[in-house]
Amino acid sequence: MHATPSNEPDTAAQAEYGPLAGFTVGVTAARRADELGALLQRRGATVLHAPALRIVPLADDSELLSATKALIGHAPDIVIATTAIGFRGWIEAAEGWGHGEALLRCLRGVELLARGPKVKGAVRAAGLTEEWSPSSESMAEVLDRLLDEGVAGRRIALQLHGEPLPGFVESLRAAGAEVIGVPVYRWLPPEDLGPVDRLLDAVAGRGVDALTFTSAPAAASLLSRAEERGMAEDFLTALGRDVLAACVGPVTALPLQSRGVDTVQPERFRLGPLVQLLCQELPSRARVLTVAGHRVQIRGHAVVVDEELRAVPPAGMALLRALARRPGWVVARAELLRALPGAGRDEHAVETAMARLRTALGVPKLIQTVVKRGYRLAVDPAADSKYAH
């Protein structure tokens, strides 16, 4: 977990503009990206979407067709359905190939296990009945049941869903089972890498406050693309310091954690709880200062002055962050110029950006001009030293 400032977010003010207002959140999902994006935007976030993967359409997937024919020809003892969308897609694809009835006949004659209530619903919608379903929705519980029953000499078909299942297949095979993977959909890199590259650049440039992951393959794909572009170190440094990596669950987090990135995850592995977690984490990480008698909360691309959300241009945010690093101390124009994105060597750019920043904040006295020296936030360093990093 990332360390967070102790300042509590103003929940009454957040109710007016949304807890994620002023923050930019990157979405790497290919599937259900619209749903996740809508949940984030409804709470005020700016969303930057770059699908890190694409899914091979089921009807075009020769691997799934081959696995389906093999199971129809030689029925397994046990079939494990792991996702509702995957199971439904498998049945639909088999129908499209003309093997729908044969597959259903095959599944009626086996021990069918469904991981969780959504999968159970998909199984029953297909006219089938599951033998058992874990209350925890955990593959670990499925594995424990199978090993307790004994799987030696049994043939087990496992509906794969793009996520790694560490130790699951290996444990079954070690216990004497034959395991057949059913690749219901396959992940491939996106055809258009432009959005992914823009997202990577935004993360490295701290233009994103949080990055969301809903599948381990997406996390692995993004890391791979960062490596290809020679920016893996910058990307990982950003995730380690300034950009929150939020994963829907522990399996999704594995590729990031293997590279030393701390992640946050909701207790329930769903999109709704993931968004709620961001609603708590991001405001609590925002810098809060008392400046000229006003409460100032510095968010990703906006500032909350007292209870009013104020949009601030990127150049202004860069200046404000530079000033906030040493609250109350004078920061020279030359140093502020270096903080400006692409400003060149003309210190006049600082004055222009500063004027716009003051206008955006709506309270000009928050920032004081110190003649011939630079600018400072109107903070008493002794009184507010607890905010200095």
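The values are calculated or read from the model by the stated rules, or taken from the named source; none is laboratory data. In this text the structure is predicted, and so the values were computed from the model without any measurement. All Cβ positions, glycine included, derive from the backbone under ideal geometry; neighbour counts span all protein chains shown. Just the protein is used for accessible areas: all its heavy atoms, side chains included, with ligands, DNA and RNA removed. Shrake-Rupley method; radii C 1.70, N 1.55, O 1.52, S 1.80 Å.
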- Query: Taking square-rooted eigenvalues a ≥ b ≥ c of the alpha carbon gyration tensor, is the chain rounded, prolate or oblate, where a/c under 1.5 means rounded and, failing that, a/b exceeding b/c means prolate?
  - Reply: prolate
- Over segment 52-121, calculate the relative contact order: mean separation of alpha carbon pairs under 8 Å at least 6 apart, over the residue count, as a percent. 41 percent
- Message: Under a crude label model (7 Å from the Cα following the beta-carbon direction), how far is ARG345 from ALA152 in nanometres?
- Response: 8.0 nm
- If you line up the long axis of helix 139-149 against the longest principal axis of the chain, both from Cα atoms, how many degrees apart are they, to the nearest 10? 30 degrees
- Message: Compute the helix-to-body angle for 62-73: its Cα long axis versus the longest principal axis of the chain, expressed 0 to 90° and rounded to tens.
- Response: 30 degrees
- Note on the structure: Quick calc: nm separation of the 7 Å Cα→Cβ label points for THR369 and SER284 -> 4.2 nm
- Roughly how many percent of the accessible protein surface of the chain is carbon and sulfur, given a 1.4 Å probe and a whole-percent answer? 50 percent
- Message: Ignoring everything except DSSP H segments at least 4 long, calculate the 222 nm mean residue ellipticity for the chain; use -39,500 (n - 2.57) per segment, divide by total residues, nearest 500.
- Response: -13000 deg cm²/dmol
- Message: Suppose a student asked you for the relative contact order of the chain, using Cα pairs under 8 Å spaced at least 6 residues apart; what percent would you report?
- Response: 16 percent
- What does the charge add up to near ALA245, with Lys and Arg as +1, Asp and Glu as -1, over the other residues with Cβ less than 13 Å from its Cβ? -1
- With r defined as the distance between the Cβ atoms of SER62 and ARG270 and R0 fixed at 25 Å, what FRET efficiency is calculated, to the nearest 0.05? 0.15
